[in-house]
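Please read the structure below before turning to the comments.
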Amino acid sequence: MTGQYYDGMEPETLLKLRFLSDLTPGPEGLPLFLLTEIQEGDPPRYRSRIALFDGALRLLTQEEARRPRYRAPFLYFLRRVGEREELFRLDLRGGEAERLTETAGVLDYALGPGGGVAFLALKEAPRPGGPRRFQGWPFKFDGRGLLPEGNVALYALEEGKVRLLLDRYPPPKEMVYAPEGLYLVMPEDARAQAEGRDTLFLLREGRLEKVYGGVGPIFALEGSPEGLFFLGHAFERGGGTEARLYHLRGGEARVLLEGSLQNSLNSDLRYGQHPQGPRWGEDGVYVVRTEAGRARLYRVGLDGKAEALTEEGSVLAFALTERGLFLLKEDFTHPARLEGPLGTFDPNAGVLDLAEPLYTEWTSPEGHKVPGWVLLPEGEGPHPVILYIHGGPHTAFGAAPMLELQLFRRAGYAVAFSNPRGSTGYGQDFALLEGEWGERDERDLMGFLDHVLAHFPLDPKRGHYRLVVGERTLDFTPLEGRLEEDLLRRDYRVNALLWKGGAVFGLKGVEEDLRRRLLVPVREENLYQDHLRSLRGVRLAATLGFGLPQRTREALGRHARFLQAHPEALPARERVKEELARLLLSPRAAFGLRLLERVGLLGVYLPELALLVGLHQGGVHHLPAWDHTLSAVFHLLWLWPEAPLEARLAALFHDVGKPLTRRFDPEVGRFRFLGHAEVGAEIARASLFWLRFPKEVVERAAGLVRRHMDRLPEERKALRRFFLRRQDLLPDLVYLMAADRLATRGVEREAWEVVDRKSVV
């Protein structure tokens, strides 16, 4: 790396960084924390010292220290002794640090009443290079290696003497003192450990009693005079289940708050620990929650009422003292800074000069928004682009610094990064991927990238801009050659308009097109420059309410026959899916589907449905199968204008199984279609998956097709049972059944009865 590419930021700049962590209340209500610096050497290493802030920085230790906690007049901390860590205590009234333990390695500790300390420690030092045997899940989740399985015990240090409190497997994972005793979190057995099921125990007077849990993770304990507070859940939504803030008192655990509790934002400019669990204060319990790309601090009352205390930036840690509230905060351009009633301490003032990213968001065809940001390098562009993806996927990007992205920017790259589905901070449903890891998030990421490329001058091949004003979207493209030549490259004359001097101009004939609301190609050969243009024409006609004159229908028909003969020319399925989704989401969806059939494109993009055209049904049906389908789509939107995409797809595909199940029944003297719902569901699933519709959309649409022939019982109790059995498909199924009946027999009272019966339950 050189300054030529990194605009003055050299590797040596990074050696100047300092990090704040382990924030906790200190003496006289001052904030106590670790200050970590990078010591030069071969190799460089981190050096963490305990400090406090009283308006100026005061270092309390010179040697390495970790996990500081204060109980007047002593400062407790862990310090490395050889290859292990031991517990030390420093009297802040004066003197040297005193070593309190002689173990094979202290892992954690908790300060108890009366000067006592409980600590977890290894029973014996691991043998370097020797074999190890594991009984369960052996990996730590803090990036510090393997669990010391079967080699950990809980001890008490009281008046200088150490005694064994607990020796069991699995060992405690976390502990905290409360007025009633020592609370411990640990799995009940090896199987529970492997499955992530923790149990909360209370240890008092030498007895261990089970208090709560056994169904999911428990963490971030906080004891108080008002009871115990902790975070946890019961895996209700799998590994992506959001946490709950519990209040345990009198044997009852109540939920006070739900969400992405704790700071789950990505950053590569942190060091040390940042406790973000709940903390009790006189006016409620305080907790951090990640929301829409920032980590905010909340105060929650015992009645569950929550109040946000921060808006800008993200909270890494906080400390409640008699002097007030102290925060470790970060944002896009600053690593952790200390903020509070005594002012701000920024350990990296003047070291880094980071750029603020630009916020943007993409709205998917399914209707959800994918938020994200773009870091633009200096200069007009266009710039090469890096799509940067966070892992997890249950983490998020947001108001936290990412040095790596900043270095890419300084090297001349534009960086696009976003929070696709699976990310935290946007609600439980957004965080779930439900077996589609790498699928739902991939669709969001690629859609966001296309959105970014259309908004910013990022790619030399796609130097497009997009301006979104309310519900209007304006696309701007660079002019290539003469203006007249540029207009002649467009698809339809209504898309070949220019604004100059406060007036709108276009190609010859466009005024007539606009007056009569007609869609006419600029040139027929333009359809062959991008083979999606014919399908787009049908979609535009449907969504804008334009007609297709004979000239246009003939041109689209010739292009449809070309695509039938040359399937290799078909556009990407993702692009086809997007156009079809837009067509179906239009109030004039049935009209657009009719146009699709009339110009020959139905057989190109939906060949399964083309088999319905002209298929005679007989019996109660007064329309052929395809006309009946269009009528069902029409009546669905008539009954339910807000119908989601899944319901519209189900209406379109509900009879797709009829061509394969059509059999003549001599007993009734007509054709029947036994089992067409089940066959149609499988055809719909295969067709929609091929078109790259999202899995959740496909499965719901297929489920609706499978059940659209269900009959509603007449009796009230039976009707209730029906709705209970089919509640996962409601209300879509009821509307689909009603639309099907309307399309079958015309507007009859029976169809309205289907809709009205919803009020029964």
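No lab work stands behind these numbers, since they all come straight from the coordinates. Please read these numbers as outputs of a predicted model, since none were measured by experiment. Neighbour counts are summed over all protein chains in view; Cβ atoms, including those assigned to glycine, are modelled from backbone coordinates with ideal geometry.
Across region 606-761, Cα pairs under 8 Å and at least six residues apart give a relative contact order of 25 percent. From the Cα gyration tensor of region 606-761, with a ≥ b ≥ c the square roots of its eigenvalues, which class applies: rounded if a/c is under 1.5, or else prolate if a/b is larger than b/c, or else oblate? Oblate, because a/c is 1.5 or more while a/b does not exceed b/c. Here region 234-387 is treated with +1 on each Lys and Arg Cβ and -1 on each Asp and Glu Cβ, and its dipole about the Cα centre works out to around 640 debye. At q = 0.14, 0.18, 0.19 Å⁻¹, what log₁₀ I(q)/I(0) does region 65-120 have when each alpha carbon counts as one equal point scatterer in the Debye sum? Log-scaled intensity ratios, in q order: -0.33, -0.55, -0.62. Think of region 558-656 as having a plus end and a minus end, set by charges on the Cβ of Lys, Arg, Asp and Glu; of A569, G618, A590, A569 sits farthest toward the positive end of this dipole. For region 510-555, what does the relative contact order come out to in percent, with C-alpha contacts under 8 Å and a separation of six or more? Computed value for region 510-555: 49 percent relative contact order.
Computed from the C-beta positions of R598 and E682 and an R0 of 30 Å, the FRET efficiency is 0.60 to the nearest 0.05. Taking 0.36 nm per residue of separation and subtracting the current Cα-Cα distance, fully stretching the chain between E436 and H621 would add 62.6 nm.
Selection among L544, F456, V668 by position relative to the dipole of the chain gives V668 as farthest towards the positive end (Cβ unit charges, Cα centre). Put in order of Cβ neighbour count within 10 Å, fewest first, the listed residues S314, S364 become S364, S314. Counting only Cα atoms, region 7-66 measures 43, 26, 16 Å along its principal axes, largest extent leading.
With 32 Å as the limit, the listed pairs K305/K329; K369/K658; K305/K695; K329/K369; K577/K658 have K369/K658; K305/K695 beyond it between alpha carbons. Put simply, the amide H of G259, placed in the peptide plane, has neighbours under 5 Å in A243, leaving out anything fewer than 5 places away on its chain.
What's the local net charge at R294, with K and R +1, D and E -1, over the other residues with C-beta under 9 Å away? With Lys, Arg at +1 and Asp, Glu at -1, the net is -3. For the chain, a simple Cβ point-charge model (Lys and Arg +1, Asp and Glu -1, everything else neutral) yields a dipole of about 2300 debye relative to the Cα centre. If you plug the beta carbon distance of R551 and W499 into 1/(1 + (r/R0)^6) with R0 = 35 Å, you get a FRET efficiency near 0.85.
Entry note, the chain: relative contact order of 6 percent, from Cα contacts under 8 Å with a spacing of 6+ residues. Placing a pseudo-label 7 Å from each Cα along the Cα-to-Cβ vector at E667 and Q273 gives an inter-label distance of 7.6 nm.
Rg and Dmax over the alpha-carbon atoms of the chain stand at 33.0, 105 Å. In region 284-339, the alpha-carbon atoms span a convex hull of 74 Å³ per residue. Rounded to the nearest 20 debye, the dipole magnitude of region 541-693 is 400 debye, with +1 charges on Lys and Arg beta carbons, -1 on Asp and Glu beta carbons, and the Cα centre as origin.
Loop only per DSSP, at most 11 neighbouring Cβ atoms within 10 Å: give me the GluC sites (Glu not before Pro) in region 376-444, ordered by residue number. Passing both the DSSP loop test and the Cβ count: E378, E380. Only loop residues by DSSP count here, and only those with at most 16 other Cβ atoms within 10 Å; note down the GluC sites (Glu not before Pro) in region 193-273 that meet that. Within region 193-273, the qualifying GluC sites (Glu not before Pro) (loop, at most 16 other Cβ atoms within 10 Å) are E205, E226, E236. At what distance in nm do the modelled label points of Y528 and R716 sit from each other, each positioned 7 Å from its Cα along Cα→Cβ? A separation of 6.9 nm, rounded to one decimal place. Taking the Cα centre of each part, how many Å lie between region 639-663 and region 70-119? About 69 Å separates the Cα centre of region 639-663 from the one of region 70-119. Would you please state which residues of region 686-729 a label at R573 would reach in this model, taking the label point 7 Å out along Cα→Cβ and a backbone N cut-off of under 12 Å? Zone members listed by number: 686-695. Ordering L245, F332, M737 by the projection of their Cα atoms onto the charge dipole of the chain, which places +1 on the Cβ of Lys and Arg and -1 on the Cβ of Asp and Glu, puts M737 at the extreme positive end. Among R516, R711, R49, R573, the ranking by other beta carbons within 10 Å of each residue's beta carbon, starting with the fewest, stands as R711, R516, R573, R49. Need one word for region 228-368: rounded, prolate or oblate. Basis is the Cα gyration tensor (sqrt eigenvalues a ≥ b ≥ c); a/c below 1.5 gives rounded, then a/b vs b/c decides. Because a/c hits 1.5 or more and a/b fails to exceed b/c, region 228-368 counts as oblate.
Per residue of the chain, the DSSP helices (runs of n ≥ 4 H) give a summed -39500 (n - 2.57) that works out to -7500 deg cm²/dmol at 222 nm. On full extension, the segment bounded by Y169 and R18 gains 50.4 nm, given 0.36 nm per residue less the C-alpha separation. When the GluC sites (Glu not before Pro) in region 677-752 are filtered for DSSP coil states and for at most 15 other beta-carbon atoms within 10 Å of their beta-carbon, the remaining sites are E714, E715, E748. Modelled spin labels at V162 and R516, positioned 7 Å past Cα toward Cβ, are 9.5 nm from each other. Over the Cα atoms of region 358-455, the radius of gyration divided by the Kirkwood radius equals 0.97; this is the Rg/Rh ratio. When each of F505, F723 is scored by the number of other beta-carbon atoms lying within 10 Å, the sequence from fewest to most is F505, F723. Counting 0.36 nm for each residue step from R71 to E312 and taking away their Cα separation leaves a gain of 83.5 nm.
When a/c is below 1.5 the answer is rounded, else prolate if a/b is larger than b/c, else oblate, so apply that to region 565-614 with a ≥ b ≥ c taken from the square roots of the Cα gyration tensor eigenvalues. Since a/c reaches 1.5 but b/c is at least a/b, the shape of region 565-614 is classed as oblate.
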